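Chemist: Quick one: the structure is below, questions incoming.
Nothing in this text is a laboratory measurement; each read-out follows from the coordinates by a stated rule. Not measured: the values here are computed from a predicted model. With ideal geometry, Cβ positions are generated from the backbone for all residues, glycine too; neighbour counts draw on all protein chains shown.
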């Protein structure tokens, strides 16, 4: 039996007034719901952003992508321009490991972004060429470029410590992603075991990407979040 596709929807309007009035949101909501129904897919969560399309720093979109990564869902938007007018931002979305689809242009998730990637690559090469030319000109003027070029000093104890710190950072990063949802469920009065069961129901992945959620795992997330808040 094929696993049912899950969507996390992202809706965006450009002004605070539109966000308060709902202008534009209902049309987007209908578009994504119709697409999900046609695809026989489940809409797991919805995120609504009130922001300018010229700005790429959008917290609700970041939250939507986090939820996609945690649940293995696909980001669903009504129109391609709801994401961004900036091609580099779309490339960044692809690199983030989040699949997305636009209801008005389903093929854009591969075809359009692939074309944008080629354009972005050309721009990067042009920037690199200009940078190399500028460095060469500076060197010709006698400017000393770069720093130490010797080999690395191997410190096995430091390496072990670095590995441990990397694991701690990974655990903290995971807790930051899933923490708000865990706190929300816990605040609703659910026990640790019940929270774990709800996470399982929603398809939220554990820190290792597999296995089942347990009360102990939920407790660890809450503990990490608690320490970060202090």
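Chemist: Taking 0.36 nm per residue of sequence separation and subtracting the Cα-Cα distance, how much length would be gained by fully extending the chain between residue 30 and residue 207, in nm to one decimal?
Modeler: In short, 60.3 nm is gained.
Chemist: Classify region 173-229 as rounded, prolate or oblate, taking a ≥ b ≥ c as the square roots of the eigenvalues of its Cα gyration tensor: rounded when a/c is under 1.5, otherwise prolate if a/b is larger than b/c and oblate if not.
Modeler: It is oblate, given that a/c is not under 1.5 and a/b is not larger than b/c.
Chemist: If I take R0 = 35 Å and measure r between the Cβ atoms of residue 79 and residue 125 in this structure, what FRET efficiency does the formula 1/(1 + (r/R0)^6) give, to the nearest 0.05?
Modeler: Computed FRET efficiency for residue 79 and residue 125 comes out at 0.70.
Chemist: Shifting gears a bit: How much length would be gained if the chain were fully extended between residue 136 and residue 166, taking 0.36 nm per residue of separation minus their Cα-Cα distance, in nm to one decimal?
Modeler: 7.1 nm
Chemist: Right, something else. How far is it, in nm, from the label point at residue 191 to the one at residue 14 when both lie 7 Å from their Cα along the line to the Cβ?
Modeler: So the label points at residue 191 and residue 14 sit 5.3 nm apart.
Chemist: With labels modelled as points extended 7 Å from the Cα through the Cβ direction, what inter-label distance (nm, one decimal) is found for residue 3 paired with residue 95?
Modeler: So the label points at residue 3 and residue 95 sit 2.7 nm apart.
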